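Worksheet: one structure, shown below.
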Amino acid sequence: MALLCVPLVASSVDQMLLDADKAKASGADVVELRLDFLKNFQPRQDLGVLLREKKLPTIVTYRPKWEGGQVEVDEQKRLGALRLAVELGSDYVDVELKAADEFMKSISGKKPEKTKVIVSSHNYENTPSVDDLTNLVAKIQSTGAGIVKIATTAKDITDVSHMFRVMAHCQVPIIGLVMGDRGVISRVLASKFGGYLTFASLEAGKESADGQPTIKDLLEVYNFRQVGRETQIYGIIGKPVYHSKGPVLYNKAFSSVGLDAVYVHYLVDDLPHFVDVYSSPDFAGFSCTIPHKEIMCECCDEVDPVAKDIGAVNAIIRRDGKLLGYNTDYIGAISAIEDALRAENIQGNVPGGSPLAGKLFVVIGAGGAGKSLAYGAKEKGARVAISNRSYDRAKEIADSLGGQVIPLSELEHFHPEEGMILANTTPVGMQPKTGVSPIPKSALKHYRLVFDAIYTPIDTRLLTEAKEAGAIPVSGVEMFLRQAKGQFELYTDGSPAPVDVMREAVLSKK
Ligand code: NAP
């Protein structure tokens, strides 16, 4: 199991000690004293205090600017401070590969057994190939390093797979991290691939490297302590993706039923390449969101007939080496809308049938979610109208479902009848741009029910204005929970989803 280390980046010794206490209280195993962040650092005095007062095992790092750190300092002074850390009994010191030979020579014969030397290499440009990383490991090992540390930069999420492969086969303790927002999985999955340690910031804004999650997120969102070599990996593919509450919901659900599984965010640029690279059975299933749901149909080996009809896949499982694609969005959204209408005793035009039957159902957006909603509404007997930024995409759906297209510029004045249903399936109003709505408020009085697929925030501007206009608001949270229930059951071959746990997980995390 990888250790969890919080880097301390305060500018004063007092604050660093306070942060060290907080790190311990937050669940860290190790803290890293980033001496290069300290203002007016006095080696003997400051290190003396920091190491005397330490309450957790400690890494001492004094990162120079030439390796991405904070200080430009005489190299002899810098290495002298690291030697002092060894003398004072620090559990670990981190020395850069370029300085390692000199440092190792200077402590040869003097190193107390206690101190492990981490020899580190940082690449802020890219992630080398597996062969180049393997050679780098050998080079670091040859310095006599106790622990190898390699941090690279992800230009694409598939770069992380290079690091995973190297870590999984490494014979020495290794810290392998891929920086940047496309590299976050390298931090979350460190234990799965045999990493010695991972870094997490004490809180947002106190990161020592790009892409570091907070310790709270690592422990509470990603269930870091439960991840091990056998853990099955699931996750949400999207771009953007970090707004997704999938990890909160599924990780709580997995642990509540005792499943050895973790659910992560995948920030994916090139879907076919991603699917090709993460093709091992460890990557057991995926969810798919904006903007990849349609292309996902082509990336699966088999697509369920309903998902094929819709033209969008949001749930994928791997079975016998094949990727099977499904659509759980449509039933999730449509059942939420039907239940809200039934709760108000609103009937459709077919006795005992769906309350949507016969209604005019207007969908804004023609992407994966738009297609799902339009398909579902049609299935339930509604008349469908689609409005979208790109007219042609709306026309394609309308033609396939026998519906009509409303040019986006005419949506505001479209009200051939009262009591219509409106479903927004665009990201307009989603975090972080929450102040906007896809339709003017004045148009909402013609709708009996307004559904918004967005669930971050829960109360979008569209739903707030719909309520004010007298419509029944239905939140994307309902769709999210219901489609997630369907996905959970696919992932687990039909085990019932812990719906209450899932609901609480989504609603409790703002
Ligand atoms: P998608 O396939 O990328 O489709 C997005 C649609 O929104 C496209 O039709 C696009 O128009 C339109 N659009 C994007 N930006 C726009 C803008 N600034 N102004 C006007 N139209 C815009 O995405 P998706 O997977 O369908 O997801 C769409 C939204 O639904 C996202 O906010 C997602 O989080 C949400 N969603 C929620 C759930 C849930 O469970 N609650 C499930 C799925 C999706 P063009 O055709 O012109 O590009």
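The values are calculated or read from the model by the stated rules, or taken from the named source; none is laboratory data. These numbers were taken from a predicted model, which means no experiment stands behind them. In this analysis, Cβ positions are derived from the backbone assuming ideal geometry, glycine residues included, and neighbour counts consider all displayed protein chains. Surface areas here come from the heavy atoms of the whole protein model, side chains and all, with no ligands, DNA or RNA. Shrake-Rupley method; radii C 1.70, N 1.55, O 1.52, S 1.80 Å.
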Just need log10 I(q)/I(0) for region 343-474 at q = 0.14 Å⁻¹, Debye formula, equal scatterers on the alpha-carbon atoms, no solvent, rounded to two decimals.
-0.57
Just give me a number: lysine pairs in region 343-474, eight or more positions apart or cross-chain, with C-alpha atoms less than 22 Å apart.
15
Label region 215-346 by shape, choosing from rounded, prolate and oblate, from the square roots a ≥ b ≥ c of the eigenvalues of the Cα gyration tensor; if a/c is under 1.5 it is rounded, and otherwise prolate applies when a/b is larger than b/c, oblate when it is not.
oblate
Going by Cα centres, region 32-52 and region 449-480 are how many Å apart?
52
Heavy-atom accessible area of region 222-366 with neighbours in place, 1.4 angstrom probe: carbon+sulfur share in percent works out to 50
So how do 300-311, 340-351, 29-40 stack up, highest first, on mean other-Cβ count within 10 Å?
29-40, 300-311, 340-351
Taking Cα atoms, how many degrees apart are the long axis of helix 97-107 and the longest axis of the chain, rounded to 10 and kept between 0 and 90?
30
On a 0 to 90° scale, report how tilted helix 368-379 is relative to the longest principal axis of the chain, with both axes built from alpha carbons and the result rounded to the nearest 10.
30
Given a Förster distance of 56 angstrom, what is the FRET efficiency for residue 124 paired with residue 344, based on the Cβ-Cβ distance and rounded to 0.05?
0.50
Helix 499-508: inclination vs the chain longest Cα principal axis, degrees, rounded to 10, gives 70
Please give the peptides 455-464, 474-483, 430-439, 281-290 ranked by average Cβ packing (other Cβ atoms within 10 Å per residue), highest first, as a rough proxy for protection.
474-483, 281-290, 455-464, 430-439
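Whole number in Å², please: accessible area per residue of region 108-156, 1.4 Å probe, ligands, DNA and RNA not counted.
Details: 2450 Å² over 49 residues.
Here the residues of region 108-156 average 50 Å² of exposed surface.
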Within region 248-262, backbone nitrogen closer than 17 Å to the virtual label 7 Å beyond the Cα of residue 216 toward Cβ:
248-249
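Which loop GluC sites (Glu not before Pro) in region 60-146, with loop taken from DSSP, have no more than 16 other Cβ atoms within 10 angstrom of their Cβ?
Working: sites: 67, 72, 75, 87, 96, 102, 113, 125; in loops: 72, 113, 125.
Those that pass, being in a loop and sparsely packed, are 72, 113, 125.
For region 419-507, with all protein chains present and a 1.4 Å probe, just round the carbon and sulfur fraction of the accessible area to a whole percent. Each step should come with its number before you reach the end.
On the way: 1920 of 3480 Å².
For region 419-507, the apolar C and S fraction of the accessible surface comes to 55 percent.
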Work out the count of Lys pairs in region 55-113 where the Cα-Cα distance is under 27 Å, with the pair 8 or more places apart or on different chains.
13
Sorted from largest down, give the three principal axis spans of the alpha carbons of the chain, whole angstrom values.
88, 47, 39
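What accessible area per residue, rounded to a whole number of Å², is obtained for region 334-383 using a probe radius of 1.4 Å? Can you show the working numbers first?
Values: 1790 Å² over 50 residues.
On a per-residue basis, region 334-383 sits at 36 Å².
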Rolling a 1.4 angstrom probe over the protein heavy atoms, how many square angstrom per residue are accessible across region 424-510?
44
